[in-house]
Each structure stands twice: as C-alpha cells, then as structure tokens.
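J.: Below you'll find the structure I mean.
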Amino acid sequence: MDNLVIPQNSSDRYAKLADIAEWYYIDGLNQSEIARRIGVDRSMVSRMLTEARKQNIVEIRIHRPLSSDRELGRGLERRFNLHKAYVLVNSGGDYAQLLRQLGVAGATVLKGFVKPGIVLGLSWGTAVSAVVDAFEQTRPVSIRIVQLVGALGAQNSVYDGPGLVQRLAQTMGCEGYFLNAPFIVEDPNIAQALLNNQNVAEAISLAKNCDVAVVGVGSTEPEYSSFYQAGYVSLADLNRLRSFGMVGDVCGRHFNLDGGSADLDFHTRIITITEQHLKNIPWRVAIAGGIGKVEAILGALRAGFINVLVTDDEVAKRLLEME
C-alpha cells in the first residue's frame, strides 16, 4: 500500500523517517512489523530506511577491530628516529578500506596528544579527512585548531583544509582558525601579498605555534597525487616537480627521495606553513599508507617532516628494506 502521503521536504517527513529508523535499528522491529504499524507495504519501509541514510538521519559506524604490528613499529622508530610508529596490519581490502582503517588508527594516536590549551594544526587530504571522520569526543575540549595549508577550492570541501578544521572543531567543541587564501597562485608576488595580509598572517603565526600537526603525505606520481587528481595542480606543474627529482610533499613542501628540496618556483607560489616552522612543531603526526606512496613517505621521513607515523604493514616493510 504505497499510499502514505507525507509532505516532502517537511519536518513531518523527517520525523517519520526518524521514527522508522529508531524502530528498525534500535528497537529491533523488522520491516514487515514497521509496515503494519504505519499502514504501508514492506517495500515502502525499505525505501524510507534508505532515504533516512541518504538524509543523514541514520549514520552507521562500523567499529572494525584493528591489529598493529608492534615489531615493525619499533623497527621504524629505531631506523628513522621516530617518537612513535603505529603500523596497521592491512586486512587486505581496497585502498578506501585501508584509508578508513588508517583514519581510525590516526584518531586513536591523535587522542593521546589532545590536552586543554594546545594548538592543533591540520593539513588537508583524504588521509587527514579519514582521521577527522573517525575522531570521537564526548565532551568539549579547550584547544585551538588551525589550518596549515591554503584552500584548494569548494569542489574539494570534504578533504580541503577549511572543511577539515570546521568538522574537527565541531566534534571537539572548540575554536577553528582558517587560512583564508588559496593554496597556489600564478605569481610569486601575489603569494607574497597574500602572506602579508593581516588575516593570513595571523593564521600563519598561530600555525607556527602548533603543539601538534596532523598531516598527510602527497605523491608526485600522477595516479597517487591528490593535488593533480583534484585538478588543482596541472600535469605540467607535476612533471616539472618530478623533473627536479621531487617524489612527494608535506603541506605542499616538496622533497626528493633523500629528503632534500630544491629552489623551486612552485614553492614561491604557495600559501602554507614554511618548511622550518613545520619542522619546529614538536609532534608531527603523518597518516599515510598504500604501497604507491612508499617513496613519498620515505622522502618525508628523511626530510624530517615526520616524527610520528601511522601507516600499514606492507609500507613499513618496504620502508625498512629501502632504508
């Protein structure tokens, strides 16, 4: 009986969807029982449950048990002089599943650093987004969260810096501070003018005083470069970086496999924390995994951008072999 008339886009409809979701997910009623209760057929209940999920009335969180390889972690800590290495045992799923698991592991590691009064810096990217998604906070905590890298653009709001700062600040019930500038511009003079802007300068000043930074590790391989895949950096820019031997970046600061940098025009056109100020942050937590990022992670470690690493066991083994 698909004859239940509920006004679309109204609070009445959302309330009904919430009722059905509670009966199904919390009270344990099956779809046939719910259908009889509200006078519709089972297929209508199924569609309404699907709609409840699409409208974010229902959020499903799966707490997959994570396993870590402590021996590999200790090996990385010794080899690369890390404060901490969390090595996730990859359960063999696809990259999206690995990313979610790294996010949960990263959120667990981050929680150990969260204390009232600290300044927390966030870069951008899918790995940092996974940490933000997984982070849970039951009560407000008095910290400040600041964006470390200029914005990529509205089309990437899920893993762009402003969106990540806003989401985590809401979760923690604290203040977020934004770097109101694009990540990259066409002319070094424009970049310098933006860095001299008062609002931008204030955000950069706060970023310099971070106690903890959570960052991803970017790659210059086109298939693994989030900058390129997002359409924010051209293939010509990427190829030019690769021609100088650059294998990856942290906060837009690129490096080669040995951890060295170069006098790149690219670096004069970006709005981000400086290399030295990033390295001065006491705790620099990198979330990065997947075999395609091994060279980038190795370069970041050798460059000194990272002193806490959350990665997977396949990457950890390759890092130790290559080093």
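J.: Counting only complete DSSP H runs, which helices of the chain cover 27 Å or more along their long axis at the Cα atoms and score a mean Kyte-Doolittle of 0.5 or above?
T.: Span-like helices in the chain: none at all.
J.: Next question. Working only with C-alpha atoms, what are the Rg and Dmax values of the chain, expressed in angstrom?
T.: Here Rg and the maximum Cα pair distance are 22.4, 71 Å.
J.: I would also like to ask the following. Going by how many other beta carbons lie within 10 Å of each one, how would you line up S142, S243, S123, fewest first?
T.: S243, S142, S123
J.: When every alpha-carbon pair in segment 11-54 is counted, what percent end up more than 15 Å apart?
T.: Roughly 31 percent, rounded to a whole number.
J.: Kirkwood Rh over Cα pairs of segment 138-231 into Stokes-Einstein at 4 °C, 1.567 mPa s: D in µm²/s?
T.: On the way: Rh = 14.5 Å.
For the chosen part, D equals 89 µm²/s.
J.: Where does each of V285, V104, V200, V310 land when they are ranked from fewest to most other beta-carbon atoms within 10 angstrom?
T.: Least to most surrounded, the residues fall as V200, V104, V285, V310.
J.: Shifting gears a bit: Calculate the spin-label point distance for R240 paired with R79, positioning each point 7 Å from the Cα along the beta-carbon direction, and give it in nanometres.
T.: 3.5 nm
J.: With each label point set 7 Å from Cα along the Cα-Cβ vector, what nm distance links N196 and D94?
T.: 4.9 nm
J.: Mean residue ellipticity at 222 nm from the helices of the chain, using -39,500 (n - 2.57) per DSSP H segment of n ≥ 4 over the full residue count, to the nearest 500 deg cm²/dmol?
T.: -12500 deg cm²/dmol
J.: Roughly how far apart, in whole Å, are the Cα centres of segment 49-121 and segment 278-323?
T.: That distance is 15 Å.
Read-outs throughout are calculated quantities, based only on the coordinates presented, and are distinct from any laboratory measurement. Quantities reported herein were computed from a predicted structural model and do not represent experimental measurements. Note: ideal-geometry Cβ built from the backbone for every residue, glycine included; neighbour counts use all protein chains shown.
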